[in-house]
Amino acid sequence: MTRLVLLHGFTQTRQSWRRTAAALGGRYRAIAPDLPGHGSAAQRRPASFSACVAYVRALGGDDFTLAGYSMGGRIALAAALALPSQVRRLVLVGAGPGIADPAERAARRRVDDELADRIESIGVEAFAREWGAQALFAGQDERVAAAAHADRLRNDPSGLAAALRGLGTGAMAPLWERLGELAIPVVLVVGERDVKFGAIADQMAERIPDCRVVVVAGAGHAAQLERPEEVAAVIRDTP
């Protein structure tokens, strides 16, 4: 059975993929780890994309499908480019290849560092409320929002701060110019309400040789939380 590695987003844990994995119908052997700084993998030192890629390689083995959401999607993209002979398929949910402009990236790095300091200052409960109140998650069903909040509370502030400093968008080397290297089927999943990442997905699709964009009706940025069955169907149907 083909392995499927599922990478969660910032502030989430492996539990965020539970409903999607259950909806896969046994086609894959699903592996959903806690990424550095999150859940059981909390750590105080900043993580790195290279360390995450090595971790993904160990989890997936010689032949696996890779899927990731938001921060996990950025890691998944980096891993797919670093492991071309091992990653057979790639599914990205609400994810992009980083910030191309150096000045904009540096500004985002400063914002990420300030936010990391704030997380350590106010604690995980207060931060979880602030994070969930972003316009990015507007329109989520109350049940979905409550489950996402509960998942965020599985983290600790020092771990989240370390993850943001090492794996935030500002810390990521942009991969726009490398998208053409992807020689595997790629699916970019975006929620219907996620205008920002819908535009990013369209731009990415122009550069990736074998790529399709799937818009999940009624969903926002976290499509795998809001519509897990639809996202599972996309993963199953990826050739």
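Each value in this text was obtained by applying a stated rule to the coordinates, not by laboratory testing. The shown structure was predicted, so the numbers you read here are calculated from the model rather than taken from an experiment. For neighbour counting, all protein chains shown are included, and Cβ atoms are generated from backbone atoms with ideal geometry for every residue, glycine included.
Fully extended, how many nm does the chain gain between R236 and A106 (0.36 nm per residue separation, minus their Cα-Cα distance)?
Working: separation 130, 0.36 × 130 = 46.80 nm, distance 3.79 nm.
So the extension gain works out to 43.0 nm.
With a cut-off of 8 Å between alpha carbons and a minimum separation of six or more residues, what is the relative contact order of the chain in percent? Mind dumping the intermediate values first?
On the way: 508 pairs, mean separation 62.4, N = 239.
Computed value for the chain: 26 percent relative contact order.
Work out the charge dipole of the chain with +1 on the Cβ of Lys and Arg and -1 on the Cβ of Asp and Glu about the Cα centre, then indicate which of Y55, M1, V91 is farthest towards its positive end.
Farthest towards the positive pole: M1.
For Rg and Dmax of the Cα atoms in Å, the choices are (1) 24.2, 89; (2) 16.9, 56; (3) 16.3, 46; which was calculated from the structure?
Label (3) holds the value from this structure.
If R₀ is 30 angstrom, what is the calculated FRET efficiency for the pair E142 and E114, using the beta carbon separation as r and rounding to 0.05? Walk me through the numbers on the way to the answer.
On the way: r = 30 Å, r/R0 = 1.02.
Calculated value: 0.50.
Local charge sum around A107 (other residues, Cβ-Cβ under 14 Å, Lys/Arg +1, Asp/Glu -1)? Intermediate values should be presented prior to the final figure.
On the way: positive: R105, R108, R109, R110; negative: D101, E104, D112, D113, E114.
Result for the neighbourhood of A107: -1.
Once you put a point 7 Å from the Cα of A199 and another 7 Å from the Cα of A133, both along the Cβ direction, what distance in nm separates them?
Placing both labels 7 Å beyond Cα along the Cβ direction yields 2.6 nm.
Among residues other than E230 whose Cβ falls under 13 Å from its Cβ, what is the net charge (Lys/Arg +1, Asp/Glu -1)? All intermediate terms of the calculation are to be shown ahead of the outcome.
On the way: positive: R19, R227, R236; negative: E192, E226, E229, D237.
Computed value for this residue: -1.
Give the distance, in whole Å, between the Cα centre of the range 110-131 and the Cα centre of the range 204-239.
Using only Cα atoms to place each centre, the spacing works out to 29 Å.
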